[in-house]
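Participant: I have a structure I would like to understand better, so I am pasting it below and will then ask my questions one at a time.
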Amino acid sequence: MVNLRQLAKKEERLGPGHRMCPGCPQTMIVRLVTKATDSPVVVANATGCLEVSTTIYPFSAWRVPWIHNAFENSAATISGVEAAYKALKKKGKIDKDVKFLVFAGDGGTYDIGLQSLSGALERGHNFVYVCLDNEGYMNTGIQRSSATPFGAWTNTSQVGSILKGKQEFKKDLTSVVASHHIPYVAQASPSNVQDLFKKAKKAFETEGPAFINVLAPCVPGWKYPSEQSMEIARLAVDSCFWPLYEIENGKYTLNYDPGEKKIPIIKWLEKQKRFRHLLKPENQHIVEKLQQHVDAMWENIKRLSEN
Amino acid sequence: MVTENHDKKGWKEIPIGGIIEEAGNAERYKTGTWRSFRPVHHPEKCTNCMICWVNCPDTAIKAGDVNSPDKGLVGKNDDPNLANFGGFDYEHCKGCGICAAVCPTKAIDMHPETEFLDKEGEE
Ligand code: SF4
Ligand code: SF4
């Protein structure tokens, strides 16, 4: 366990003055992840909330070297930076041990940046990729992504007399990444600070690609009061909607099992206004369908973690 | 709100690619003006666990030391190797209320900013 009182003595790598929404957990995740290594870090950022809001010209909240290229290619960008570093190191022009890190949202990871990510994973670059999954295109005004959950309202998955929010299940990106057979893959949540820190540390220590998918509740997109960000994240974990697990060289480990304390999915849904139509009696079948899906995914992770 | 003037630069003076050359200069942008609720700390209930500090999205809880005037008074708070609660950075705190929500001993509560205004409506 990391002692937070010791951790607080370490330098901050993302400073204040950024314009993320009040209560947005993304910057908390960034602060924690970037403290999980003592080495210098280079950050690549895909287009998204974090990129836009931390670097509004002429300001930047970053205290480490940071690069933004485009929406779809943060993994390709960091691949180039890492390859240049390797070449310079070979020539003796750099002797530091530098870590390479990507932050991208679900838009930049699940959808637009997927081929770039897949390429970088397959080529085996030595980098850490952290997806901040807020389940939609929130920065552009709440449009659905392939990470948006089944039944959720967004501006492009409306609720009306026929359609009741998003019709498709959330893409299981963590499994897609795991299929690349990279050395380290994990799912984490800002509500479980120790677990997230441990995973970030492992990811930095990994030789080769490491990927962490972190759930990042969104105050205006999920529609809940700003002080509830960590609680909403915890309910996602306790309902097993967002299992905390890791895959080290192919071996699955379930990091947290709520056991008896597993809550029904409705307890997570009812806190967020993007799901408020699901509280109506006539939409119970949608909640049931989501519950069945969550249970099946959960049983699958448990089974994979057993051996 | 920015608290200092940014002289408009001519195009010849702007770094190529719009590079921002000063790391972390967003600190000069005072997001504290967004706040409508203010976190208030009660040292007599605080154990310096730093859970609020780790959860603050705006780096607005300071990591203090043994001399911090605001340090928690419960438990051990005189170890120089460990941080103590070091007060809020009200220039940047956006008033989200997460610190108050996660504090295990309820040592932080949120007050409307109007409580801190004098009769002229100034802070
Ligand atoms: S979370 Fe509460 S008890 Fe812990 S340091 Fe902050 S104010 Fe003190
Ligand atoms: S109210 Fe929010 S921004 Fe202000 S100190 Fe607490 S957690 Fe940080």
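Participant: In Å², and per residue, what accessible area does the stretch B:42-123 have when probed at 1.4 Å with the other protein chains present?
Facilitator: 49
Participant: Applying 1/(1 + (r/R0)^6) with R0 = 56 Å to the Cβ-Cβ distance of A:GLN143 and B:ASP78, what FRET efficiency is obtained, to the nearest 0.05?
Facilitator: 0.60
Participant: Just to confirm, what accessible area per residue do you get for chain A at 1.4 Å probe, in whole Å²?
Facilitator: It amounts to 40 Å² per residue over chain A.
Participant: By the gyration tensor of its Cα atoms, with a ≥ b ≥ c the square roots of the eigenvalues, what is the shape of the stretch A:165-229: rounded for a/c under 1.5, prolate for a/b over b/c, or oblate?
Facilitator: Since a/c reaches 1.5 but b/c is at least a/b, the shape of the stretch A:165-229 is classed as oblate.
Participant: Which shape class, rounded, prolate or oblate, goes with the protein assembly as shown when its Cα gyration tensor gives a ≥ b ≥ c as root eigenvalues, a/c under 1.5 marks rounded, and past that a/b bigger than b/c marks prolate?
Facilitator: rounded
Participant: Quick one: check the C-alpha center-to-center distance for the stretch A:133-173 versus the stretch A:1-77, whole angstrom.
Facilitator: Distance between centres, Cα-based: 26 Å.
Participant: So, one more: With charges set only on the Cβ (+1 for Lys and Arg, -1 for Asp and Glu), what does the dipole of the stretch A:73-152 come to about its Cα centre, in debye to the nearest 20?
Facilitator: 600
Participant: Identify, among A:ILE263, A:GLY160, A:GLN194, the residue whose Cα sits farthest towards the positive end of the charge dipole of chain A, taking +1 on the Cβ of Lys and Arg and -1 on the Cβ of Asp and Glu, with the dipole about the Cα centre.
Facilitator: It is A:GLN194, whose Cα lies furthest towards the positive end.
Participant: Now for a separate question. Can you give the average number of partner chain beta-carbon atoms within 10 Å of each beta-carbon in peptide A:51-63, as a whole number?
Facilitator: Mean shielding by partner chains, rounded to a whole number: 5.
Participant: Expressed in nm to one decimal, what extension gain is obtained for the pair A:SER179 and A:ARG303 from 0.36 nm per residue of sequence separation less their Cα-Cα distance?
Facilitator: Once the chain is fully extended between A:SER179 and A:ARG303, it gains 42.9 nm.
Participant: With chain B treated as a Gaussian network of Cα nodes joined by springs under 10 Å, which of B:PRO80, B:PRO69, B:PRO39 yields the largest mean-square fluctuation?
Facilitator: B:PRO80
Participant: Have a look at A:SER179, A:TYR110, A:PRO209 and report the one farthest towards the positive end of the charge dipole of the stretch A:4-306, computed about the Cα centre with Cβ charges (Lys/Arg +1, Asp/Glu -1).
Facilitator: Selected residue: A:PRO209.
Participant: Of the candidates A:LYS93, A:LYS164, A:LYS289, which one comes out as most mobile in a Gaussian network treatment of chain A with C-alpha springs shorter than 10 Å?
Facilitator: Per the Cα network of chain A with a 10 Å cutoff, A:LYS93 tops the list.
Participant: In debye to the nearest 20, how big a dipole does chain B give about its Cα centre with +1 on each Lys and Arg Cβ and -1 on each Asp and Glu Cβ?
Facilitator: That gives chain B a dipole magnitude of about 360 debye.
Participant: Give the shape of the stretch B:9-123 as rounded, prolate or oblate, defined through the alpha-carbon gyration tensor: a ≥ b ≥ c are the square roots of its eigenvalues, a/c under 1.5 means rounded, and otherwise the shape is prolate if a/b is larger than b/c and oblate if not.
Facilitator: Note, shape of the stretch B:9-123 comes out oblate.
Participant: Right, next: Hey, with R₀ at 25 Å, roughly what FRET efficiency would A:LYS91 and A:ILE67 work out to, going by the Cβ-Cβ distance, to 0.05?
Facilitator: Rounded to the nearest 0.05, the efficiency is 0.70.
Participant: Compute for chains A and B the buried accessible surface, both sides summed, probe 1.4 Å, and express it in Å² to the nearest 100.
Facilitator: Rounded to the nearest hundred, the buried surface is 3300 Å².
Participant: Roughly how many debye, to the nearest 20, is the charge dipole of the protein assembly as shown about its Cα centre, given +1 on each Lys and Arg Cβ, -1 on each Asp and Glu Cβ, and no other charges?
Facilitator: 700
Participant: Which of the peptides A:15-22, A:209-216 is most tightly packed, and how do the rest follow, going by the mean number of other Cβ atoms within 10 Å of each residue?
Facilitator: A:209-216, A:15-22
Participant: Same structure, new question: Any idea how far apart A:ALA83 and B:LYS8 come out in nm if each label point goes 7 Å out from Cα toward Cβ?
Facilitator: Inter-label distance under the simple model: 4.2 nm.
Participant: Roll a 1.4 angstrom probe over the protein heavy atoms and tell me the percent of accessible area of chain A that is carbon or sulfur.
Facilitator: 54
Participant: Return, ordered by residue number, the residues of the stretch A:72-94 whose backbone nitrogen is under 18 Å from a label point located 7 Å along Cα→Cβ of A:ARG123.
Facilitator: Only A:72-90 pass the distance filter.
Participant: Would you work out which of A:GLY221, A:GLN284, B:ALA60 lies farthest towards the positive end of the dipole of the protein assembly as shown? Charges go on Cβ: Lys and Arg +1, Asp and Glu -1.
Facilitator: A:GLN284
Participant: What's the extension gain from B:LYS106 to B:ASP118 if we count 0.36 nm per residue and subtract their Cα-Cα distance?
Facilitator: Fully extending the segment from B:LYS106 to B:ASP118 adds 1.6 nm.
The values are calculated or read from the model by the stated rules, or taken from the named source; none is laboratory data. What you see is a predicted model, and the numbers here were worked out from it, not measured in a lab. Glycine also receives a Cβ, built like all others from the backbone with ideal geometry; neighbour counts cover every protein chain displayed. The protein model used for the area step is the full one, side chains on, heavy atoms only, and it has no ligands, DNA or RNA in it. Shrake-Rupley method; radii C 1.70, N 1.55, O 1.52, S 1.80 Å.
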